[in-house]
1. Taking Arg42, is it charged (D, E, K, R) and at pLDDT 95 or above?
2. Select, from Val173, Val152, the only residue that is free of Cβ contacts under 8 Å to residues at least 60 places away in the same chain, more than 21 Å from Asp187 (Cβ to Cβ) and hydrophobic (A, V, I, L, M, F, W, C).
3. Just need a number here: residues in segment 142-200 that are in contact with a Lys or Arg (Cβ under 8 Å, 6 or more places away or on another chain), more than 27 Å from Arg130 (Cα to Cα) and of a type in the set (Phe, Trp, Tyr).
4. Being aromatic (Phe, Trp, Tyr) and either within 17 Å of Met31 (Cβ to Cβ) or under 10 Å from the mean Cα position of the chain (by Cα) (or both) is the filter here; which residues of segment 67-125 pass it?
5. Consider Ala60 against the criteria (1) touching a helix residue (DSSP H, G or I) at 6+ places or on another chain (Cβ under 8 Å); (2) under 15 Å from Gln12 (Cβ atoms); (3) not acidic (Asp, Glu): it satisfies all of them except one. Which criterion is unmet?
6. State whether the residues of segment 91-100 include one that is polar (S, T, N, Q) and either in a loop (DSSP other than H, G, I, E, B) or free of Cβ contacts under 8 Å to residues at least 12 places away in the same chain (or both).
Amino acid sequence: MTIEERDYLFDQALALSSILEQECVELLGMMENIDDRVAISRKISKLESDGDDIFHAVIAYLQNVELDPDDRHKIFHMLRHIEDITDMVDELSKTIVRYNTRTVTNGFKASVNSINGAVKKLIVLINAMREYQPEMKEHFTKTVNTFDAFKVDYEKMYDVLIFELFSKPHDIVDIIRCKAVYDAIRDIFEAFEVSADDAYKYVISKG
């Protein structure tokens with residue numbers, strides 16, 4: 001892979017991550033202005049569409065350059081999984097609208113803040129992959145582990161939130177509504193874990 005090809009692909013990974021970061025900004029705004037959830041969800045859907053355009057352009061690019069098959073495979077999956085997360089954040093915003101969520105619980109706010117933190121660490125991780133050298137292995141491993149910790153932390157938060165949801169008196173509609181949102185957030189963190197695996201595979205292949 002030439003330096004120009006490598007730079008292009010990592011630039012696109014960062015562009016997709018920037019889209020994801022903008023989605024999170026809108027999602028945080030939704031937590032503060034839940035009555036505007038429909039309009040904000042539409043903004044997030046527009047961002048998700050922009051992410052699709054970036055991903056489709058990368059696919060066209062990969063079809064027209066000669067790359068080592070292993071590099072092609074790893075970079076394709078890295079980009080695809082970031083794009084998947086942009087889809088999931090869009091789906092989360094639609095779930096909030098679909099279930100007519102009008103009250104923002106502390107659990108919602110904490111979960112969305114955690115997503116936002118994970119996205120910022122994802123950008124750090126992509127830059128670390130771009131600059132990786134074998135002597136940076138220990139630093140890189142710490143970077144991946146810090147990113148991956150968000151998923152572990154949310155699993156713990158999820159258990160607490162679900163236990164609280166089913167152990168206290170709640171309207172059945174509120175239970176359905178909240179669980180749908182918490183499950184959609186859990187899907188996002190599981191996708192972050194896949195992105196962490198992508199980073200490990202890429203760096204292991206570099207020695």
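1. Yes; evaluated as a whole, the condition is true for this residue.
2. Val173
3. Qualifying residue count for the region: 2.
4. Listed by number, the residues that qualify are Tyr99, Phe108.
5. The number of the failed condition is (1).
6. Restricting attention to segment 91-100, the residues satisfying the condition of being polar (S, T, N, Q) are 93, 95, 100.
From what's left, either in a loop (DSSP other than H, G, I, E, B) or free of Cβ contacts under 8 Å to residues at least 12 places away in the same chain (or both): 100.
Within segment 91-100, one or more residues are polar (S, T, N, Q) and either in a loop (DSSP other than H, G, I, E, B) or free of Cβ contacts under 8 Å to residues at least 12 places away in the same chain (or both).
The values are calculated or read from the model by the stated rules, or taken from the named source; none is laboratory data. Just so it is clear, the structure is predicted and the values come from calculations on it, not from any experiment. Note that each Cβ is placed from the backbone with ideal geometry, even for glycine, and that neighbours are counted across all protein chains shown.
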